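Asker: Would you mind keeping the following structure in view while I ask a few things?
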Amino acid sequence: MKNETTEQPDVQQLADNNTVTLDTPIRRGTTSIESITLRKPNSGELRGVSLVELLQMDVGSLIKVLPRISSPSITAVEVAGMDPADLLALSSKISGFLLQKSAMTDASLVA
């Protein structure tokens with residue numbers, strides 16, 4: 001009887017969908033933050049912020065919310081000094097958190 005081994009192709013682990021690699025790392029003393037992982041906020045973490053403004057990617061609203069849901073935790077001052085391209089990438093993740101799963105599925109079928 002022949003013993004066959006099947007080779008599995010190299011499969012790279014998919015990157016975390018909630019992690020953004022920054023084009024311009026954030027400098028904090030001697031360390032550098034090169035990527036930020038966001039978690040879905042709960043309703044309490046959205047206090048003081050209009051959901052409509054978040055969906056419109058309002059910078060003031062992002063400055064309030066990002067420090068509450070980022071890992072590593074970043075400050076409002078760091079968000080305010082962030083590269084606009086990085087801020088846009090993070091804000092698009094936040095906008096996705098505000099959609100229901102069915103709306104995200106429907107949107108992916110249209111695109």
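The values are calculated or read from the model by the stated rules, or taken from the named source; none is laboratory data. Owing to the predicted nature of the structure, the values given are computational and were not obtained by experimental measurement. Positions of Cβ are generated from backbone atoms using ideal geometry, with glycine treated the same way; all protein chains shown enter the neighbour counts.
Asker: Can you pull out the residues in segment 35-54 that are in contact (Cβ under 8 Å) with a residue 24 or more places away in the chain and within 15 Å of the chain's Cα centre (by Cα)?
Answerer: Ile36, Thr37, Leu38, Arg39, Lys40, Pro41, Leu54
Asker: Next up: Restricting the first residue to segment 55-78 and requiring it to be free of Cβ contacts under 8 Å to residues at least 12 places away in the same chain, which pairs with a second residue that is surrounded by fewer than 19 Cβ atoms within 10 Å (Cβ to Cβ) and of a type in the set (Lys, Arg) meet a Cβ separation below 9 Å and a spacing of at least six or different chains?
Answerer: What qualifies is Thr75/Arg28.
Asker: A follow-up question, please. Scanning segment 55-65 for residues that are closer than 19 Å to Glu78 by Cα and assigned to a helix (DSSP H, G or I), which turns out farthest from the chain's Cα centre (by Cα)?
Answerer: Once the filter is applied, the top-ranked residue is Gly60.
Asker: Looking at the structure I just gave you, is Pro41 touching a helix residue (DSSP H, G or I) at 6+ places or on another chain (Cβ under 6 Å), of a type outside the set (Phe, Trp, Tyr) and either outside any helix (DSSP H, G or I) or at pLDDT below 95 (or both)?
Answerer: When the stated conditions are applied, Pro41 passes them.
Asker: Looking at the structure I just gave you, is Thr24 out of contact with any strand residue (DSSP E or B) (no Cβ under 9 Å at 6 or more places or on another chain), modelled with pLDDT of 95 or more, within 13 Å of Ala89 (Cα to Cα) and outside any loop (DSSP other than H, G, I, E, B)?
Answerer: Here the answer is yes, as Thr24 does meet what is asked.
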